[in-house]
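Only one structure is covered here, and it is reproduced in the block below.
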Amino acid sequence: MTGPLEDIRVIDFGRYIAGPYCAALLGDFGAEVIRVEKREGREDRTLVSLGERDDGSPREGAMFLQMNRNKKSLTLDPMCDQGREVVRRLVKSADVVVANLPGETLKAMGLDYETVSALNPRVILAVVSAFGLDGPYASRVGFDGVAQAMSGSCWYSGSADQPMRSASSYVDFGTASLLAFGVMTALRARAQTGRGQLVEGALLRTAMTYFSPLLIEEAVLHLDRKPTLNRNQNAAPHDVFRAKDGWITVAVNGDPLFRRVASLIGAEDWLGDPRFASDKARGDHSEIVSRRLREWCAARTCAEAIAALEAARVPAGPVYRPREAIEDAQVKAAGFFVDVDYPGIGRAPVAATPVKLQATPGSVRSRPPLLGEHTAAVLAELGYSPAEIAAMRSGNVV
């Protein structure tokens, strides 16, 4: 058994992160995933390139390796007549179709829900857009950073002079994960009703959901908070601090943790001070709390500070550079990454399945595919003869 989804076929028309990573998660648990891309390759194939070819062109990139393990690759021009017929056959054979493409592009490719459900009433169409399929922004394009900015997160995370987006594409990854959750729920519903349905994800919806506690606070209390970089305004100490040889982060919420950290750094005077009597009060005076802990950290190395905080059972950790993150002992011991061996690049780590199932775990079983590596095999399975496949190659259909 390759996984609980081994009888599920997924056709992945996605690009970049939100669509492809949703399909990758399904593939980790055994689904057959066929990635459909342009004959010359999608633009996401070489983003964050991991080297150059002999002609100087970029090789496959880190993003491609992460999003496309456990997939087959079919190249196709879906806008010509023969290409549209291939799309129709793919849809008829599919359990799930994933596409993060603009609505008008979906319609032109015959991947809107009305069209795909007419071809295959059992199919689940999972789509991602920047702003949702409804509303005044439905036709706009956008990426992760746009959703971060419009959710309020960039404003709150920055400084008075400079909003700050996260370098992590958390909106894309979050949307992909939620979309996979939606697909699994739709598969469960199909088992009961026999019919598929449309599953929709939207980057802005994800971003607003992830930032929702502070949006709710603003809606109710009208505080118009000003940005304070890493310093939390709803609890303290909850900030990033410089030690002698680097940086650490400390995250304290609740009275028990606050009492522990106060005792550790010799700030018992805080415990009877009404300014620090609750998370809200400490958040209101978080600059004072951060200043004192900053002085305590500055007199210690990262290791010394973290060891003392851990001994007091106060959540803390080092602020790693990327190299330090992937070489961390916990990351290695827990198997957060697995190596894939990709032609022309060699061994490279990709993040493993991020959720662990005890009885039916996900796994990275195969490296990401070469461009068009499985075109002939997939077309043959769809009923095309070797002569027809050769004609489509010569006609630049595939």
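What follows is calculated from the coordinates using simple rules that are stated; it is not laboratory data. For clarity, every value in this text was computed on a predicted model and none was experimentally measured. Virtual Cβ from ideal backbone geometry, glycine too; neighbours counted across all protein chains shown.
Just a few scattered comments:
- Along each principal axis, Cα extent of the chain, largest first, Å: 83, 46, 44
- Filter on Lys332/Lys356; Lys244/Lys280; Lys38/Lys72; Lys244/Lys332 - keep pairs with C-alpha separation over 20 Å: Lys244/Lys280; Lys244/Lys332
- Electrostatic tally near Ala167: other residues with Cβ closer than 13 Å to its Cβ, Lys and Arg +1, Asp and Glu -1, net 0.
- Exposure proxy shown here: for Leu371, Leu223, the number of other Cβ atoms within 10 Å sets the order, fewest to most, as Leu223, Leu371.
- Where GluC sites (Glu not before Pro) fall in DSSP loop in region 298-352, at most 12 other Cβ within 10 Å: Glu327
- Fewest-first ordering of Cys297, Cys80 by other beta carbons within 10 Å of each residue's beta carbon gives Cys80, Cys297.
- Annotation: peptides 212-218, 234-240, 65-71, 124-130, ranked by per-residue average of other Cβ atoms within 10 Å with the highest first, follow the order 124-130, 65-71, 234-240, 212-218.
- Placed amide H near Leu101: partners under 5 Å, 5+ positions off or other chain: Val128
- Between helix 170-193 and the chain: long-axis angle, C-alpha atoms, 0 to 90°, nearest 10: 60 degrees
- Helix 18-28 vs. the chain, principal-axis angle (Cα, 0 to 90°, nearest 10): 80 degrees
- Cβ-Cβ FRET estimate between Ala251 and Thr115, R0 fixed at 51 Å, reported to 0.05: 0.55
- Angle between the chain longest axis and helix 286-298 axis [Cα atoms, degrees, rounded to 10]: 90 degrees
- Sorted on the mean count of surrounding Cβ atoms within 10 Å across their residues, most packed first, peptides 245-253, 186-194, 34-42 read 34-42, 245-253, 186-194.
- Among Thr301, Thr75, Thr228, the ranking by other beta carbons within 10 Å of each residue's beta carbon, starting with the fewest, stands as Thr301, Thr228, Thr75.
- Relative contact order, whole percent, for region 238-319 stands at 46, derived from Cα pairs under 8 Å and 6 or more residues apart.
- Taking 0.36 nm per residue of separation and subtracting the Cα-Cα distance, full extension of the segment from His285 to Arg242 would add 13.5 nm.
- Measure of compaction for region 33-172 (Cα Rg per 2.2 N^0.38 Å): 1.26
- Inter-part distance where region 313-331 and region 257-294 are each reduced to a Cα centre, Å: 25 Å
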